[in-house]
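Here, each number is a calculation from the coordinates, and none is a lab measurement. From a predicted model like this one, the values you see are computed outputs, not experimental measurements. So basically every Cβ, Gly included, is an ideal-geometry build from the backbone, and we count neighbours across all protein chains shown.
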Number of protein chains: 2
Amino acid sequence: MTPTQIYFDFLCPYAWRGLELADVLRREHAHTFELRHFSLVQGNHPENAASRHVPVWWLTDQTNGEGSAAQSSSLLAFLADQAAARQSEDARWRFVLTLFRAVHQDKAELNEATVEAAARTAGLDLAQFGTDRQIDPVRTDLRADLAAAAELGVFGTPTFVLPQGHAAYFRFANLVPSEKALETYQLYVSVLESDARIETIKRAKRA
Amino acid sequence: MTPTQIYFDFLCPYAWRGLELADVLRREHAHTFELRHFSLVQGNHPENAASRHVPVWWLTDQTNGEGSAAQSSSLLAFLADQAAARQSEDARWRFVLTLFRAVHQDKAELNEATVEAAARTAGLDLAQFGTDRQIDPVRTDLRADLAAAAELGVFGTPTFVLPQGHAAYFRFANLVPSEKALETYQLYVSVLESDARIETIKRAKRA
C-alpha cells in the first residue's frame, strides 16, 4: 500500500498536531505514513522568494549552528530525525513525537539537550544515533526531502500527500482526541476528493 | 433565520462558482443568503498592505471610470448590483448570476454593455435601475459592505459567513451540479464546525 507522505518541520505547532493525528491513524487504524521534511526557514527565505519550486538558498548548504535560532535549531532537529529514521520506524515515530511534545507542549527550547533527551526517551540506540547524526548521508536524505517538497510546492506544515496524489496543507488549532482522529482525517480527505476540486478553505481572521 | 453572508467580487471566477452553488441551496434547499461585496482591487491595493482590517485606499472613494480596467469594471459592477439589490431579492440573484455567467462562462468583458444586458435578461425594472445606479446611497451601501469585509478580515472570494459566525474563503475549481450542491456545501460547513478548529486546507501546487 502506498503510504501517505507527511511533510513537517519541528518548528511548527500545526505539524505537531498533524503528526499526533497521524500517529493515532497509524497505531489504531492501520494507516501508513512516510515522514518527510519541509523547512519553513528555507521556504520563507528571501532568496527563495522568486519560486517555491526552485530554491536558491538550501538549509542543507548551511553549516551546523549557523544563522538564526530558527535556522540552526531546525537543521539540528532535521539531521537528528534523519539519523533516527535509520533505526526502526516505530523508534523514529517515538523520537519525532517526543521531540514535538517537548517543544510545543512542554515549551522546551529546540536545542541539543532537548534532542538528546528525546532520543533517550524514545529508546533510540544512542551510540548509533550519535554516529549517524554526523554522517553525510543524513544530510543527503534531508536534501532529498527538501527537494521533493519544492517539487510538490509545499509551503507550510503539515502537508499530507495522499496515495492518489492530492497534496494539501492541513492546519488545525486543537489537538484531536483519539476517538475523533479518523473522522477528522476523513473530513480532510473528503475535501480533497470532492468532485468540486476544492483548492482552498481558509478562515478569515477578524480584526 | 440568520442568513449566511456571501462576500463576492464579480472579477472572481471562484466567486461565480460559489454563487451558483449558493443559488441551488437557496432555490432547492431553503437556505437563506445575504449577498455582500468584497473588492479584490481594494484588498490587494499596495496602499492597503499594512492591514487588511484598516483600508486606506477605498474603491468607493474613486470616481467612476478611474484607474485600471479591473478597478473601473469592478466599481461599475458593484454599483449596478447595489442598485439591483433595491429591487426584489430574486431579481437581484438573477442579475448577479446573469452577469457572472456573461463574464466567466461566456467571457464577455465586464463593462457597461454587459451590465445593461444582464439587467435586461434578469428582468430588472430598467428605468428604476438606471436611476438607482446614480444615487449616493448605492455607493454608501457598497462602502458598508467593504467596511464589513475589512472588519471580518475577508481576503478572497467567495467568503461565506455562517450564521454561527464561522467565516472562510471557499475556493473550488469545478462547477457543482445541482444534485451535489448540498453535499459539497455540507462538507465545507463540516470543516468549519469540526472540533479540531480547522483553519486552513490548501492544496500545494506542483512545479
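Observations on the model:
- Here A:ASN174 and B:GLN186 are evaluated by their C-beta separation; at R0 = 30 Å the FRET efficiency comes out at 0.90.
- Chain A: calculated mean residue ellipticity at 222 nm from DSSP helix runs of at least 4, using -39500 (n - 2.57): -15000 deg cm²/dmol
- For A:GLU199, distant residues with modelled amide H under 5 Å away: B:ARG171, B:PHE172, B:ALA173
- Listed residues B:LEU187, B:TRP57, A:ALA148: farthest to the positive end of the dipole of the protein assembly as shown (Cβ charges): B:LEU187
- Calculated log₁₀ intensity ratio I(q)/I(0) where the Debye formula runs over C-alpha points of the range B:4-193, q = 0.15 Å⁻¹: -0.88
- Debye intensity ratio I(q)/I(0), log10, the range B:1-113, q values 0.14, 0.19, 0.21 Å⁻¹ (C-alpha model): -0.60, -1.05, -1.22
- Part-to-part distance (alpha-carbon centres) for the range B:102-167 and the range B:38-74, which is given in Å: 15
- Across the range A:111-176, the fraction of Cα-Cα pairs farther apart than 18 Å, rounded to a whole number, is 60%.
- Placing a label point 7 Å from Cα along the Cα-to-Cβ axis, B:GLU112 is separated from the same position in the other copies by 7.4 nm, shortest listed first.
- Using a 7 Å Cα-to-Cβ projection, A:ASN174 label spacings across copies, nm, ascending: 3.1
- Under the Debye formula (equal points on every Cα, no solvent term), log10 I(q)/I(0) of the range A:10-62 at q = 0.13, 0.16, 0.20, 0.21 Å⁻¹: -0.46, -0.62, -0.77, -0.80
- Nearest beta-carbon to the B/A symmetry axis - residue in chain B, distance in Å: B:ILE201, 2
- Label point of A:ALA207 set 7 angstrom out along Cα-Cβ; within the range B:32-60, amide nitrogens under 12 Å from it belong to B:51-56.
- Only Lys, Arg (+1) and Asp, Glu (-1) charged, at Cβ; the protein assembly as shown dipole about Cα centre in debye: 100
- Each copy carries a label point for B:LEU162 at 7 Å from Cα toward Cβ; from one copy, the others' points are 2.0 nm away, ordered from shortest.
- Mean separation of Cα contacts under 8 Å (6+ apart) over length of the range A:4-193, as relative contact order %: 34
- Peptide B:167-176, shielding by other chains (average Cβ, 10 Å cutoff): 5
- Linear extension gain, B:THR63 paired with B:ILE135, 0.36 nm per residue minus alpha-carbon span: 24.6 nm
- Helical segments meeting 18 Å axial Cα length and Kyte-Doolittle -1.0 threshold in chain B (DSSP H): B:13-28, B:69-84, B:136-152, B:178-193
- Its Cα gyration tensor gives the protein assembly as shown an equivalent ellipsoid; the semi-axes, largest first and in whole Å, are 48, 23, 17.
- Straight-line reach from A:LYS202: taking Cα to Cα under 16 Å and skipping same-chain neighbours fewer than 8 places apart, the aspartates and glutamates in range are B:GLU193, B:ASP195, B:GLU199.
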